[in-house]
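The values are calculated or read from the model by the stated rules, or taken from the named source; none is laboratory data. Treat the numbers as computed from the prediction; the structure is a model and nothing was measured. Because the Cβ atoms are built from the backbone with ideal geometry, glycine has one as well, and the counts that use them run over all protein chains shown. Heavy atoms of the whole protein, side chains included, go into the accessibility calculation; ligands, DNA and RNA do not. Shrake-Rupley method; radii C 1.70, N 1.55, O 1.52, S 1.80 Å.
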Amino acid sequence: AGCLDNSITGVRPLTLTLTVEPATAAVGDSITFRYAATGTDLFAIALDYGDGQTGSVPSLGSPGVVELTGFLKHAYTEAATYVVTGTANDNTGALSQEVTVQITGG
């Protein structure tokens, strides 16, 4: 692992990868959304779970952050197919990606 900051890398293209585990689950089950983002001065990852709920991860205000990885968990209360939108934000703009989750009756 190396040092990743803007003094070394300069401007980095904004990227986002969003995955879901599992993609099919029952009402009330915990779903894990994993994210990996790169960019120039990343400041947040936000998720819209498609059911009116949202989640986010700030970069904790650290200047020069060029990579954020991790996960958020969410449980759905109704059976349906949900489109989840993840958005990475940096000082050059925003980039979104969608994944689909199928929730079946409990």
Gly93 - would you say it is more than 16 Å from the chain's Cα centre (by Cα) and at pLDDT below 95? no
Just checking, does segment 40-50 include any residue being farther than 30 Å from Val11 by Cβ, open to solvent by less than 60 Å² (accessible area, probe 1.4 Å) and at pLDDT 95 or above? yes
Mind listing just one residue for me: the one in segment 82-106 that is farther than 17 Å from Leu18 by Cα and of a type outside the set (A, V, I, L, M) and, of those, surrounded by the fewest Cβ atoms within 10 Å (Cβ to Cβ)? Gly105
Counting only residues that are within 14 Å of the chain's Cα centre (by Cα) and part of a strand (DSSP E or B), how many does segment 13-53 have? 20
Of (1) crowded, with 18+ Cβ neighbours inside 10 Å; (2) part of a loop (DSSP other than H, G, I, E, B); (3) modelled with pLDDT of 90 or more, Val65 satisfies every one except (3)
